[in-house]
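First the structure, in the form of structure tokens, and then the observations on it.
The values are calculated or read from the model by the stated rules, or taken from the named source; none is laboratory data. Predicted model, so just to flag it, every value in this text is computed and none were measured. Note: ideal-geometry Cβ built from the backbone for every residue, glycine included; neighbour counts use all protein chains shown.
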Amino acid sequence: MVASGAGPAHPPDMTVPTELIRRLGTARRVTVLTGAGVSAESGVPTFRDAQTGLWAKFKPEELATPRAFRRNPRLVWEWYDGRRRRVATVQPNPAHLALAEMEKLFPHFTLITQNVDGLHQRAGSRNVIELHGNITRTKCFDEGTVISSWPDTGEVPPKCPNCGGLLRPDVVWFEEPMPEAQMEQAAEASTHCDVFLSIGTSTVVQPAASLPFEALRSGATVVEINPHPTTFTSDADYALAGAAGIVLPQLLAYLGK
């Protein structure tokens, strides 16, 4: 079933299937997966769209690897520092805010995100699983420990105050394994939910792309929210066509909040 969303969130003017509202209204466990489309509505460039200006000559894959960092740590640090500064200038959008409100409605609500900008937490979401890390955090390249502060020596990248190793952004790079604990938590939340929402993601990047299918196999009602069809659209129980910043506030309105 497909419903198109447009217009203001209150009152709701998007046709949402009654059965979907009923299932959400009786759900106790809700799991959400968000992708780059949600952050893009706040003005955060997607990973590959970020290659502009000085960085246009680089492919993201050439900068987001441990090998690239070992080869030219200053270059990689400065690229991520530019992205970090960009993220600091944007604000959570209505989709982020609606998800933070939804969390209050269900006894068990898990938000899994592929985004690294921390906007869900800034909007008020509390139970967030970050599959790809968080660009606002920094960790030691050698020890892997998160470092909150370090002496300002002017070095680029700065050095770890504990071991003297180089610091790097706390994100998952190409050629690196996904964080095991977060993936286990995400799989657990996906296989033990009543309703699963896949929002603003192309559902092609593994292993996150497998989570909606795990929810389907476990008997959950799976909903896709995306402006455009994806490879997952035909598999979803419901597909709500529209930007997350429009659809989610209206869905919240249907739930009476």
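Take the residues in the stretch 98-122 that are among the aliphatic types (A, V, I, L, M) and either in contact with a Gly (Cβ under 6 Å, 6 or more places away or on another chain) or buried (at least 21 other Cβ atoms within 10 Å of the Cβ) (or both); name whichever of them is nearest to Leu24 (Cα to Cα).
Met102
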If Met183 satisfies every condition in (1) under 22 Å from Tyr80 (Cα atoms); (2) surrounded by fewer than 19 Cβ atoms within 10 Å (Cβ to Cβ); (3) touching a residue at least 40 places away in the same chain (Cβ under 8 Å); (4) of a type in the set (A, V, I, L, M) but one, which is the exception? (1)
If we scan the stretch 52-64, do we find a residue that is in a loop (DSSP other than H, G, I, E, B), closer than 27 Å to Leu111 by Cα and at pLDDT below 70? no
Take the conditions assigned to a helix (DSSP H, G or I), under 22 Å from Gly25 (Cα atoms), modelled with pLDDT of 95 or more and not basic (Lys, Arg) and apply them to Ser190. Does it pass? yes
Gly242 vs. criteria without any contact (Cβ under 8 Å) to a residue 40 or more places away in the chain, under 23 Å from Phe106 (Cβ atoms) and out of contact with any helix residue (DSSP H, G or I) (no Cβ under 8 Å at 6 or more places or on another chain): no
Could you please find all residues in the stretch 136-154 being of a type outside the set (D, E, K, R), at pLDDT 95 or above and either within 29 Å of Ala27 (Cα to Cα) or in a strand (DSSP E or B) (or both)? Thr138, Cys140, Val146
